[in-house]
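The block underneath contains the structure these notes are about, expressed in structure tokens.
The values are calculated or read from the model by the stated rules, or taken from the named source; none is laboratory data. All figures in this text were calculated on a predicted structure; none of them were measured in a lab. In this analysis, Cβ positions are derived from the backbone assuming ideal geometry, glycine residues included, and neighbour counts consider all displayed protein chains. These accessible areas exclude ligands, DNA and RNA; they are computed on the full protein's heavy atoms, side chains included. Shrake-Rupley method; radii C 1.70, N 1.55, O 1.52, S 1.80 Å.
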Amino acid sequence: MKIKDKTFTPLLPAEEIAAKVNTLARQINKDYKGTKPLFIAILNGSFIFAADLLKEIDLECEVSFVKLSSYSEMTSSGTVKELIGINENIFNRDVIIIEDIVDTGNTMRVVLDEFRDRGVKSVEIVSLLVKPEALVNSIDIKYVGFEIPNKFVVGYGLDYDGFGRNTKAIYQIKA
Ligand code: IMP
């Protein structure tokens, strides 16, 4: 598959993703039984994963979406992004963050810090993909779909320069 100037080859077929999404949902249903969690999906990349996962969740739950602002300022520690779109009162809530991919973990660091500052009761992450070799923050990801090599991927919500989100499978950049 070609997107702009790059070529991508298949990494995870649709059936494998669907089976994994099912497994993750079953685990969450079991772990959160009797609670009323608030799922917060991180846009844009997680929109397909979030939709598929939530269809398999049988808990009484709320669903919301947040985004990291494109506004950024350079500090000694790099780029700082701000979380926008939290409308719910997340104080004392059991929050489950839905993410497409954890790469360096910088995004999750920002999100986790913000949620903890706001006094959530608990917060866990479900991420379809994790690149363990790229992780620079120590982030505890309770629900991991697939651990993948440190190569750029697209599809199933993930983009390359805005393109390639609308596929059922996930593709990896050709070296
Ligand atoms: P992190 O902050 O480095 O963990 O990166 C997380 C965000 O970067 C994800 O939510 C994605 O939007 C984006 N990202 C990281 N790796 C990839 C990739 O391989 N393909 C597409 N987007 C990616």
- Message: Looking at the stretch 51-65, can you tell me whether even one residue there is within 16 Å of the ligand (Cβ to nearest atom) and of a type in the set (K, R)?
- Response: no
- Message: Residues that are out of contact with any helix residue (DSSP H, G or I) (no Cβ under 6 Å at 6 or more places or on another chain), open to solvent by 80 Å² or more (accessible area, probe 1.4 Å) and without any contact (Cβ under 8 Å) to a residue 24 or more places away in the chain: does the stretch 28-40 have at least one?
- Response: yes
- Neighbours by Cβ (under 7 Å, 6+ apart or cross-chain): first from the stretch 1-22, among the small types (G, A, S); second open to solvent by 50 Å² or more (accessible area, probe 1.4 Å): A14/K168
- If we ask which residues in the stretch 162-175 are closer than 19 Å to D52 by Cα, open to solvent by 50 Å² or more (accessible area, probe 1.4 Å) and more than 13 Å from the ligand (Cβ to nearest atom), their number turns out to be 2
- Evaluate the stretch 120-137: report whether one residue or more is without any contact (Cβ under 8 Å) to a residue 12 or more places away in the chain and open to solvent by 20 Å² or more (accessible area, probe 1.4 Å). no
- Query: Of all strands (runs of 3 or more DSSP E) completely enclosed by the stretch 75-161, which ones contain at least 3 residues that are over 12 Å from the mean Cα position of the chain (by Cα) and within 16 Å of the ligand (Cβ to nearest atom)?
  - Reply: 78-84
